[in-house]
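Rule-based calculations on the coordinates, nothing more; no lab input. Values in this document were obtained by computation on a predicted structure and should not be read as measured data. Every residue, glycine as well, gets a Cβ built from its backbone with ideal geometry; the counts of neighbours run over all protein chains shown.
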Amino acid sequence: MASRASLRLAADAIITRRPATFTRSYATTTHIAPGTKVTISISTDAAAAPAVETKSPAPKKQSTTKERIDGYAPYMVATYSRPEVIFNRGEGSCLFDINKKRYIDFTAGIAVMSLGHNNADLQHTLFQQSKQLIHCSNLYHNHFTGHLSKRLVETTKKLGGMHDAASVFICNSGSEANEAGIKFARKVGKVLDPTGEKIEIVSFRNAFHGRTMGSLSATHNPKYQEPFAPMVPGFKVGDLNDIGALEGLITEKTCSVIVEPIQGEGGVTPATDEFLIALAKRCREVGALVHYDEIQCGLSRTGQLWAHSHLPKEAHPDILTTAKALGNGLPIGATIVNAHVAEKIKIGDHGTTFGGNPLVCAVAGRAVYHLSRDNLMTGVLARSKVFTERFELFKSRYPELVSGWRGKGLILGLQLTEDPAKIVAECRERGLLVITAGVNTLRFVPPLNIPFGLINEGLEILEEAIKATRGKGEEVKAETTATEETKAEEAEAEEVKQE
């Protein structure tokens, strides 16, 4: 009869798949109740233990991309209209679909994957931290929330941004970061004016600040607001870069003005330096806070750590929000505030369950380290030049289509005279991912370390797509499509062979 120790060892081998020190199978008879016997057969061969599934879920039989998408669709709330492609791997500045087709990624997950897909250092940090501590809530201290907060404040001040940055609230997303900024501004307004009248928040047309009710109320776009109206009261809207309207827009009742130094979703439209300086000046006159939303344009995307870093100190913000690149794909947001704001926020005023968890903060700390390096920021400007020079070429070659470009660093918009949807689709067919913004604008927000060779290859694909939509590239399109079909067939044959 097997000993209890032997049985425990066998069970442990089955559960953990660790090799046991013996390989025989034991039949043991044990008394469950008087007069009742049960025979249990236990295999102690660890190899017999069932494998734990770690691969992406997929049907056992071969199925097309469309069949898989149609199979999942009934179980997903339809908040997005997606093309018929399923990605299952990323590497550097490229994504790969389930047919092993490669796509050059000029989107970076909407300005998120600034250090590229599967960055080796961030992967290592994620793996190591996952073995230590993932979550313990904000009821207790952990090392990484404090470390990330300190790094954000010190790096920001060192590299010319927000000169009086003092402390940080860490949350889970850009919307949450802006929501915190809005709440903090309301609290400051009530402290400064106990009558409760200093509660108005000003934002600008074509801005995008998020989808939670507070941040959505600052996003004055009917497409986003109308389904969920009425909005939170107390929000006013103005026109970006209209200096003359600031005095009437920002009043003694204003507690905060939230603005993107470069509007991303709104069409890659920069706020002028003169406008931001005048805006900050007016805010100081009436005791309103300046809130810069750098969720998309910050963390070196413009070639400097923050899009406002070059501005004089008097135009620096009281509240600075960031997310996207901060986690390089992991969910995180941060609201950086100066002491004027921080001292008015008391324990219990705001909170988060998952925000600041050790796992994501460990990765974000490494991301900030890499994103704040001089060579990365210099590289952003060099890569930007490759894009903008080609944009000028497009403008001269296709004057009826391309009217200009906007942006800075690697947040760029190519302004077209027509809907770019067909060009986006043609690019995708040829293995290039690009997205839109605003009205008739192609948006380019690739990884900040994208190789120059991939930039040039992607821009060649973009020109092929432009030609195809203008009836000048059918031969190129046919050749590319045939090649991709061949690759897909080869990939499918390889999958069948492996199965």
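Quick notes on this one:
- Each Cα pair under 8 Å and six or more residues apart adds its sequence gap; the mean of these over the residue count of the stretch 319-378 is a relative contact order of 35 percent.
- Based on C-alpha pairs under 8 angstrom that are at least 6 apart in sequence, the stretch 283-420 has a relative contact order of 23 percent.
- For the pair the stretch 99-154 / the stretch 377-428, the C-alpha centres are spaced 30 Å from each other.
- Vicinal HN-Hα couplings computed from phi for the stretch 439-445 (Karplus, 6.51 cos²θ - 1.76 cosθ + 1.60; Hz; Gly/Pro x): 10, 6, 10, 8, 9, 10, 9
- Applying 0.36 nm per residue to the separation of M76 and K150 and subtracting their alpha-carbon distance, the gain on full extension is 22.7 nm.
- A full extension of the chain between V386 and A120 corresponds to an added length of 93.1 nm, given 0.36 nm per residue minus the alpha carbon distance.
- Karplus-derived 3J(HN,Hα) values for the stretch 194-211, using 6.51 cos²θ - 1.76 cosθ + 1.60 with θ = phi - 60°, are x, 5, x, 8, 8, 10, 6, 10, 9, 9, 10, 4, 6, 7, 9, 10, x, 10 Hz; glycine and proline are entered as x.
- Near the amide H of Y398, within less than 5 Å, lie no amide hydrogens of residues on another chain or at least 5 residues away, with H placed in the peptide plane.
- Between Q225 and I277, the modelled label-to-label distance comes to 3.1 nm, taking each label 7 Å out from Cα in the direction of the beta carbon.
- Neighbour-limited loop hits for GluC sites (Glu not before Pro), the stretch 154-225 (at most 16 other Cβ within 10 Å; DSSP other than H, G, I, E, B): E197
- Zone residues, the stretch 329-362, relative to C136, backbone N less than 19 Å from point 7 Å out along Cα-to-Cβ: 352-362
- Over 22 Å (Cα to Cα) - which of K101/K324; K157/K183; K150/K344 fall in this group: K101/K324; K157/K183
- Between the stretch 271-306 and the stretch 253-270, the Cα center-to-center distance that results, in Å: 8 Å
- Three principal axis extents describe the C-alpha atoms of the stretch 302-362; from largest down they are 37, 31, 13 Å.
- Members of K187/K346; K190/K313; K66/K100 lying beyond 21 Å, as alpha-carbon distances in this model show: K190/K313
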